[in-house]
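Structure, as structure tokens:
What follows is calculated from the coordinates using simple rules that are stated; it is not laboratory data. On a predicted model such as this, the values are computed, not experimentally measured, just so you know. Every residue, glycine as well, gets a Cβ built from its backbone with ideal geometry; the counts of neighbours run over all protein chains shown.
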Amino acid sequence: MARRRRRPATPPVQDRRGWGEVIAMGLVFFLGGLSLAVASAVYMTRVSAKADRLRADGVPVTATVSHFYNGWGRNSGPDGLIVTYEYQGGYYQDRIRCGGGTGCQREPPVEMTVWVDPARPQEFVAANGDTDDSAAWLNRWSRIVTGGLFAALGAVTLVVALFGDRLLAWSRARAK
């Protein structure tokens with residue numbers, strides 16, 4: 001009786017159903033996270049440049065702090081205060097943050113100096129360094145970090161979904 005030669009086993013065909021959804025989810029996480037991180041970084045850079053410009057070219061005005069807003073609780077937003085000032089016969093009011101990322105450490109003063117843009121009097125920078133745009137949703141360092149984490153999660157998901165079989169085969173071949 002002749003012996004049969006054994007053929008090398010062929011790897012089983014992987015079932016690729018459902019990977020389209022995983023790839024789409026990875027793309028959403030990657031692009032959404034990247035967009036959030038970039039948009040927040042660009043916004044914060046513009047706010048910082050605006051504050052520097054207004055400190056140099058703005059007109060100092062005394063403003064009244066009319067309301068202290070403590071952002072405790074869910075969806076309450078950051079700690080802030082309402083600043084009201086008068087410039088060339090017009091009254092302007094806006095909400096600004098009253099602290100860094102940690103919030104307000106103490107009660108704000110009753111009055112503070114703001115530097116007003118003469119061309120657009122509704123734009124200002126306060127003595128604490130915050131501008132009239134400081135209470136915006138994108139003006140947070142945590143948005144950059146969160147966006148980066150979501151982008152990294154999406155990138156890992158895409159790499160696993162698109163190249164997972166090849167990476168596993170490479171790893172097994174290297175282990176032998």
>> Just to check I understand the Karplus step: with θ = phi - 60° and J = 6.51 cos²θ - 1.76 cosθ + 1.60, what whole-Hz values come out for segment 122-128, glycine and proline as x?
In response: 6, 9, 7, 10, 8, 5, 7
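Residues with beta-carbon under 15 Å from that of F150, excluding F150: net charge, scoring Lys, Arg +1 and Asp, Glu -1?
Taking every other residue near F150 into account, the sum is +2.
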> Which is farthest toward the positive dipole end of segment 116-155 among P121, I144, G154, measuring Cα position about the Cα centre, with Cβ charges +1 (Lys, Arg) and -1 (Asp, Glu)?
Replying inline: G154
> Packing-wise, with mean Cβ within 10 Å as the measure, how do 88-97, 107-116 rank, highest first?
Replying inline: 107-116, 88-97
>> In segment 33-64, whose amide N lies under 19 Å from the spot 7 Å out along Cα-to-Cβ of A152? List them in ranges.
In response: 33-41
